[in-house]
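A quick write-up on the structure given underneath.
The values are calculated or read from the model by the stated rules, or taken from the named source; none is laboratory data. Fair warning: this is a prediction, and the values are worked out from it, not measured in the lab. Glycine gets a Cβ as well: all are built from the backbone with ideal geometry, and neighbour counts include every protein chain shown.
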């Protein structure tokens, strides 16, 4: 019975590995249009990586939920969870940004000959995730908030990018996702949020009191509205709302 949560933790890791497989199998594709002009893109199949990161997030949620329900939480499970998270929500999302950086740089003149060094900032993300998870594991006190943005939230944010790129037909959105300055800024902001000491809401419910869970209920309502109105764009918007509500309803973190 006590190994059931660990099974879901390992499932999280497997999904993260599968996400990496689909990211690395989808390099830049160069084709030509009817006029003979070169078209540079990444295959649409990369959205499967986003799917597996999403499944990893579900498994990550279930392992914690089952550990609490079965009362089998352990130090082993905590360490295993962090090791799985660094793959699913650190390395895999970093490789998504790596591919978007490649595509962004390839759009420019002689872009395909751009130095590999311009792609290395993508790996700041998993380094920050590892730092965040190590700090979390060393914190033995309990709290209703996190110190810094949880790594799975960052992973889900980045995993939404391929889905938005392939499903949101808005010109400025496409331009933003192919702007290397935006991608570098995104790496910097997400990495900083993870290693920062900013109090972030925990989405765990100890009870269903509206007074004690007001920011969580507000986030839930806004998330439903965002999903109805924005569809795939709702994912990063919900993560942004989570950060803003955490700042508005600051609680003491340990």
Taking the stretch 180-221 and keeping residues at pLDDT 95 or above, in contact with a helix residue (DSSP H, G or I) (Cβ under 8 Å, 6 or more places away or on another chain) and exposed (fewer than 15 other Cβ atoms within 10 Å of the Cβ) leaves 182, 188, 192
Residue 62: passes all of (1) surrounded by fewer than 21 Cβ atoms within 10 Å (Cβ to Cβ); (2) farther than 22 Å from residue 1 by Cβ; (3) modelled with pLDDT under 95 but (2)
By residue number, the members of the stretch 20-40 that are closer than 20 Å to residue 169 by Cα and either at pLDDT below 65 or surrounded by 13 or more Cβ atoms within 10 Å (Cβ to Cβ) (or both) are 33, 40
Quick count over the stretch 227-252, residues being part of a loop (DSSP other than H, G, I, E, B) and over 20 Å from residue 214 (Cβ atoms), is 0
Flag if residue 212 is outside any helix (DSSP H, G or I) and either in contact (Cβ under 8 Å) with a residue 40 or more places away in the chain or closer than 16 Å to residue 160 by Cα (or both): no
Expected single match for touching a helix residue (DSSP H, G or I) at 6+ places or on another chain (Cβ under 7 Å) and either surrounded by 12 or more Cβ atoms within 10 Å (Cβ to Cβ) or more than 13 Å from residue 97 (Cβ to Cβ) (or both) among 164, 170 is 164
Here the qualifying pairs (Cβ atoms under 8 Å; residues six or more apart or on different chains; first in the stretch 226-240 and at positive phi; second modelled with pLDDT under 95) come out as 231/167; 231/168
So residue 80, is it surrounded by fewer than 19 Cβ atoms within 10 Å (Cβ to Cβ), touching a helix residue (DSSP H, G or I) at 6+ places or on another chain (Cβ under 6 Å) and more than 19 Å from residue 193 (Cα to Cα):
yes
query = Do we find a residue being part of a helix (DSSP H, G or I) and free of Cβ contacts under 8 Å to residues at least 40 places away in the same chain anywhere in the stretch 136-159?
reply = yes
Within the stretch 84-111, the count of residues that are farther than 22 Å from residue 176 by Cβ and either out of contact with any helix residue (DSSP H, G or I) (no Cβ under 7 Å at 6 or more places or on another chain) or modelled with pLDDT under 90 (or both) comes to 1
